[in-house]
Amino acid sequence: MEVTKLNHPLVSHKLSILRNKKTGTKEFREIIGELSTILCYEAMKDVELEDVEIETPICKTIGKKLDEDKFAFIPILRAGTGMLDGLMKVIPNAKIGHIGMYRDEKTLKPNTYYYKTPKNLESREVFVLDPMLATGGSGIDAINMLKESGAKKIKFLCIIAAPEGIKKMQEIHPDVKIYCAAIDEKLNEHGYIVPGLGDAGDRIFGTK
């Protein structure tokens with residue numbers, strides 16, 4: 001399975017702001033969106049385009065066109081919704097689904113409480129969104145459900161990934177490409193990424 005990590009000075013700069021516990025909700029939310037936009041550009045490097053005839057102020061020419069209807073963005077609730085606006089700036093006509101999960105603090109395993117996706121997933125390229133790939137449990141379960149619904153081409157976009165989560169995802173879903181802004185050191189005993197940035201959902205929505 002391919003893992004693509006963003007490698008750019010501006011990304012490193014933005015990550016440092018995200019990691020800082022003094023960064024406020026507004027700035028944190030905005031930077032999550034900015035990094036998500038960059039991740040979307042990276043994840044779309046291999047998409048197919050169609051030729052289209054257009055007319056510039058000078059002459060007619062052949063341009064390239066993207067079929068936005070072939071894309072579906074599926075954030076894992078609730079933190080994944082913080083990435084959604086960043087992707088919608090790139091493909092505003094993509095279809096949107098939601099998968100609601102919460103983590104059992106004792107077992108660290110995800111529990112699903114909501115699942116709603118666009119129709120015809122088999123004909124779309126699906127981007128699963130979750131800021132943190134920690135244990136990998138939520139991402140793996142979400143992808144399991146999407147595959148059961150017919151999705152064949154899936155990419156996983158996150159801000160920060162832990163080696164443990166990447167390894168587990170590779171074992172269960174070797175066909176899913178991962179795109180991230182950083183690969184951190186490890187998980188701690190509570191299943192949080194180290195050094196990480198804390199609980200992404202709480203920091204995006206200001207709930208802690």
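Worth pointing out:
- Acute angle (nearest 10 degrees) that the helix 9-19 long axis makes with the longest principal axis of the chain, alpha-carbon atoms: 40
- Cross-link pairs exceeding 27 Å between alpha carbons, from the set K65/K152; K95/K208; K65/K167; K109/K177: K95/K208; K65/K167.
- Bridge orientation summary for the range 3-205: considering DSSP beta bridges with both residues in this region, about 35 percent are antiparallel.
- Distance (nanometres) between label positions extended 7 Å along Cα→Cβ at K208 and K89: 2.7
- Sorted peptide list for 168-181, 61-74, criterion being average Cβ within 10 angstrom, highest first: 168-181, 61-74
- Measuring r between the beta carbons of N188 and E50 and using R0 = 45 Å, the FRET efficiency lands at 0.40.
- 0 to 90° range, to nearest 10: angle between helix 137-148 axis and the chain longest Cα axis: 40
- Mean residue ellipticity (222 nm) of the chain, computed from DSSP H runs ≥ 4 via -39,500 (n - 2.57), nearest 500: -9500 deg cm²/dmol
- You can think of it this way: the chain between E171 and L10 has 54.8 nm of extra reach, that is 0.36 nm per residue less the Cα-Cα gap.
- Karplus 3J(HN,Hα) series, Hz, for the range 55-64 with 6.51 cos²θ - 1.76 cosθ + 1.60 (x for Gly, Pro): 10, 7, x, 9, 6, 7, 8, 9, x, 10
Every number in this text was worked out from the coordinates using simple rules, so none of it is lab data. Just so we're clear, the structure is a prediction, and the values are computed from it rather than from any experiment. Methodologically, a virtual Cβ is constructed for each residue, glycine included, from the backbone with ideal geometry; neighbour enumeration extends over all protein chains shown.
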